[in-house]
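The values are calculated or read from the model by the stated rules, or taken from the named source; none is laboratory data. Quantities reported herein were computed from a predicted structural model and do not represent experimental measurements. Reconstructed Cβ throughout: ideal geometry from the backbone, glycine too, with neighbour counts over all protein chains shown.
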Amino acid sequence: MKKITIICAAFLLLSPLPAAAGLQLDRKTRKQLEKENIQLRQRLEEIQVELESLKSDVQERDSLQKQLDGQGPYQEAAGMGAAVDYFDSPMYGGGDYADDQQEGLDYTDDVTDSLLSIWYLHRQIRENPQSEYNMDSVHFSSGVPDQVLIDRLQKMNSFIQLPFNETVKNYMVLYSEKMPTRMGQILGLAQYYMPIFEEAFRKYGLPLELKYMAIIESALNPVAVSRVGATGMWQFMHSTARNYGLRIDSYIDDRMDPVASVDAAARYLRDAYRIFGDWSLAISSYNCGSGNVNKAIKRAGRRDFWSIYPHLPRETRGYVPAMVGAMYAVNYAKEYGLEPAPVQMPAHVDTFMINKNLHFRQISEVIGVPIDDLRDLNPQYYKDIVPGNQGEQVLRLPFNYSNAFLDSQDTIYKYKAAEMFSGSIDDGRNSRQTASSRKPASGGGEWIYYKVRRGDNLGKIAARNRTTVKNLKSWNGLRSDRIREGQRLKVGRR
């Protein structure tokens with residue numbers, strides 16, 4: 001309004017003076033008015049430039065808002081991370097993290113052995129300690145005085161403001177004192193993954209503290225899948241992932257690629273910060289969607305996190321405090337006797353660009369790379385196939401196998417190629433076969449069974465077991481996609 005008022009005044013001053021008034025003005029007064037007119041014209045031009053800039057900013061914010069909310073090419077809400085209260089409808093991607101924690105998101109031993117060689121959190125602990133507590137009402141006590149906790153937070157010198165209150169304290173105590181086994185596992189995984197995250201956030205000029213969000217999202221599990229389909233370490237929903245350039249098709253799910261997914265997460269958070277201008281609000285929008293954050297701001301009448309806190313979805317209220325708690329526990333692990341658990345991930349990794357179809361078994365059987373190592377380093381290829389015929393693809397190998405791979409490439413590509421790709425892949429676009437489905441449905445090996453848990457669906461079970469919904473239906477005589485809790489399903493053969 002102020003700028004509009006100035007413009008109106010400028011136009012009035014620039015209007016021609018009445019003739020009678022002009023006759024009464026001496027030359028000195030006329031020269032002064034002419035000088036003022038020139039100054040006002042210059043100011044008017046400056047204001048017009050400012051208005052165009054403001055208009056551009058508004059348009060950019062509107063565009064970012066639509067992108068974060070999944071509008072434009074993709075019509076679903078962002079739905080990343082934990083719960084969303086969009087009418088409590090799972091189609092919007094709500095309830096991911098909190099519900100997964102209640103369910104434990106655990107796997108049977110048979111399934112985990114086929115997924116990854118390292119023991120991610122969801123395999124090791126059947127129940128999440130956080131699910132034992134109602135974090136909205138619990139009040140933890142600690143042998144560490146509050147003033148010491150406050151001083152430690154300040155010494156962390158975080159770019160993102162870390163306030164201290166009873167809610168934050170509860171999460172600080174939870175992560176540092178109530179879950180030592182789980183934190184040991186997180187610390188072990190963090191040694192490998194945190195440098196990858198730091199590089200991505202540094203690339204976009206973002207606070208490095210954002211890396212701790214992955215602990216809250218997935219406990220650093222790159223193959224985590226929520227009951228509504230949020231996937232990977234950064235828990236992207238399908239539409240949001242595609243909107244941020246992640247590839248999802250019959251062979252590749254970039255949401256499971258730690259490098260590609262954190263790059264997308266960084267760009268999302270950069271866009272969210274441009275809209276809200278506050279890191280706590282941007283982080284909250286990652287968790288519940290920018291629409292819910294805007295709704296909470298309207299209800300509160302203010303734009304800071306603790307003012308809108310009561311108006312956020314229940315799970316999102318604890319998201320920022322939980323991130324502070326995880327950050328605190330990692331930084332002060334030694335003070336609490338928390339040691340990183342051993343994780344069998346290679347310290348040095350080489351990256352190769354692949355232009356031909358390549359199967360993990362070809363690499364493993366020719367040069368001896370354990371197939372589980374290949375899966376650990378390349379989780380985005382969830383069928384054990386690098387579809388190089390579709391275009392150049394990234395392959396990560398332990399450094400000590402780099403020379404062997406370079407020296408044996410021709411042999412590797414030719415090794416059992418007819419067997420590996422017969423009926424499964426031509427140009428990388430027509431496959432229906434998976435790692436599990438390559439084993440015949442009848443004959444050879446004992447059946448592996450999976451017990452259905454609350455929140456499971458066939459798609460989720462198929463992804464965990466590297467097979468297809470079609471196979472699951474065929475093996476179990478299912479005529480529909482309906483399954484019930486406690487049901488035992490055949491998911492493959494040993």
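Residues being outside any helix (DSSP H, G or I) and aliphatic (A, V, I, L, M): count how many of those fall in the range 315-343.
Step one: filter the range 315-343 for residues outside any helix (DSSP H, G or I), giving 318, 332-333, 337-343.
Of the ones still in play, those that are also aliphatic (A, V, I, L, M) are 333, 338, 341, 343.
Residues meeting the conditions: 4.
Only one of 239, 280, 218, 250 is buried (at least 24 other Cβ atoms within 10 Å of the Cβ) and in the same structural domain as residue 295 (by TED's automatic domain parsing). Can you tell me which?
218
Residues in the range 237-249 include at least one that is touching a Pro at 6+ places or on another chain (Cβ under 9 Å), within 30 Å of residue 350 (Cβ to Cβ) and either of a type outside the set (Lys, Arg) or touching a residue at least 60 places away in the same chain (Cβ under 8 Å) (or both). Among the residues of the range 253-277, those that are surrounded by fewer than 21 Cβ atoms within 10 Å (Cβ to Cβ) and within 30 Å of residue 374 (Cα to Cα) comprise 259, 267.
For the structure I just gave you, tell me whether residue 239 is under 24 Å from residue 383 (Cα atoms), small (Gly, Ala, Ser), assigned to a loop (DSSP other than H, G, I, E, B) and out of contact with any helix residue (DSSP H, G or I) (no Cβ under 9 Å at 6 or more places or on another chain). Answer is no for this residue. The set of residues in the range 411-424 being part of a helix (DSSP H, G or I), of a type in the set (Gly, Ala, Ser) and surrounded by fewer than 12 Cβ atoms within 10 Å (Cβ to Cβ) consists of 418 alone.
Test of understanding: among 293, 259, which residue is in a helix (DSSP H, G or I) and closer than 29 Å to residue 359 by Cα?
Numbers: 293 fails: closer than 29 Å to residue 359 by Cα.
Only one candidate qualifies: 259.
Scanning the range 351-402 for residues that are of a type in the set (A, V, I, L, M, F, W, C) and under 22 Å from the mean Cα position of the chain (by Cα), we see that the one that is surrounded by the fewest Cβ atoms within 10 Å (Cβ to Cβ) is 394.
Screening residue 223 on (1) over 11 Å from the mean Cα position of the chain (by Cα); (2) buried (at least 20 other Cβ atoms within 10 Å of the Cβ); (3) in a helix (DSSP H, G or I) shows it passes everything except condition (3). In the range 353-369, how many are in a loop (DSSP other than H, G, I, E, B) and under 19 Å from residue 247 (Cα atoms)? Residues that pass the stated criteria total 2. Residue under question is residue 234, and the condition is that it be of a type outside the set (Lys, Arg), out of contact with any Gly (no Cβ under 6 Å at 6 or more places or on another chain) and over 30 Å from residue 458 (Cα atoms); does it hold? Taking the combined requirement at face value, the residue does not satisfy it. For the range 301-314, does any single residue satisfy the condition of being acidic (Asp, Glu), free of Cβ contacts under 8 Å to residues at least 60 places away in the same chain and either over 30 Å from residue 150 (Cβ atoms) or in a helix (DSSP H, G or I) (or both)? Checked the range 301-314: no residue is acidic (Asp, Glu), free of Cβ contacts under 8 Å to residues at least 60 places away in the same chain and either over 30 Å from residue 150 (Cβ atoms) or in a helix (DSSP H, G or I) (or both). Those residues that are within 18 Å of residue 174 (Cβ to Cβ), aromatic (Phe, Trp, Tyr) and either within 20 Å of the chain's Cα centre (by Cα) or surrounded by fewer than 17 Cβ atoms within 10 Å (Cβ to Cβ) (or both), I need them from the range 283-335; list them, please. Scanning the range 283-335 gives a single hit, 319. Criterion applied to 227, 202 was being in contact (Cβ under 8 Å) with a residue 24 or more places away in the chain and either assigned by TED's automatic domain parsing to the domain that holds residue 157 or among the aliphatic types (A, V, I, L, M) (or both), and the one residue passing it is 227.
Would you check if there is a residue in the range 269-283 being acidic (Asp, Glu), assigned to a helix (DSSP H, G or I) and either more than 29 Å from residue 243 (Cβ to Cβ) or out of contact with any helix residue (DSSP H, G or I) (no Cβ under 8 Å at 6 or more places or on another chain) (or both)?
no
Entry remark, the range 185-215: residues being closer than 14 Å to residue 265 by Cα and of a type in the set (Val, Ile, Thr) number 2 in total.
Among the residues of the range 201-220, how many are in a helix (DSSP H, G or I), under 21 Å from residue 281 (Cβ atoms) and not acidic (Asp, Glu)? It would help to see each step written out before you state the result.
Our first condition is that a residue be in a helix (DSSP H, G or I); within the range 201-220, this holds for 201-203, 208-218.
When the remaining residues are screened for being under 21 Å from residue 281 (Cβ atoms), the result is 201, 208-217.
Filter again for not acidic (Asp, Glu), leaving 201, 208, 210-216.
Qualifying residue count, the range 201-220: 9.
Just one of 350, 372 is in a strand (DSSP E or B) and charged (D, E, K, R); which is it?
Working: 372 fails: in a strand (DSSP E or B).
Step by step, each of 350, 372 is checked, and only 350 is in a strand (DSSP E or B) and charged (D, E, K, R).
Let's see how each residue does on (1) basic (Lys, Arg); (2) at pLDDT 90 or above; (3) surrounded by fewer than 21 Cβ atoms within 10 Å (Cβ to Cβ); (4) under 26 Å from the mean Cα position of the chain (by Cα):
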position	(1), (2), (3), (4)
147	no, yes, yes, no
155	yes, yes, yes, no
178	yes, yes, yes, yes
187	no, yes, yes, yes
190	no, yes, no, yes
197	no, yes, no, yes
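Report yes if some residue within the range 367-387 is aliphatic (A, V, I, L, M) and within 30 Å of residue 142 (Cβ to Cβ); otherwise report no. Within the range 367-387, none of the residues are aliphatic (A, V, I, L, M) and within 30 Å of residue 142 (Cβ to Cβ). Selection of first residues in the range 467-494 that are hydroxyl-bearing (Ser, Thr, Tyr) and of second residues that are not in a loop (DSSP other than H, G, I, E, B), restricted to Cβ pairs under 9 Å at least 6 apart or on distinct chains, gives the following pairs, ordered by first then second residue: 467/461; 467/475; 467/491; 467/492; 468/462; 480/473. Contact map, the range 170-186: first residue of a type in the set (D, E, K, R), second residue part of a helix (DSSP H, G or I), Cβ cut-off under 8 Å, separation 6 or more or different chains; pairs are 177/336; 178/129; 182/121; 182/124; 182/129. What number of residues in the range 377-410 are within 18 Å of residue 193 (Cβ to Cβ), out of contact with any Lys or Arg (no Cβ under 9 Å at 6 or more places or on another chain) and either in a helix (DSSP H, G or I) or not assigned by TED's automatic domain parsing to the domain that holds residue 365 (or both)? Residues meeting the conditions: 1. For the range 427-437, does any single residue satisfy the condition of being modelled with pLDDT of 90 or more and among the basic types (Lys, Arg)? Among the residues of the range 427-437, not one is modelled with pLDDT of 90 or more and among the basic types (Lys, Arg), which makes the answer no.
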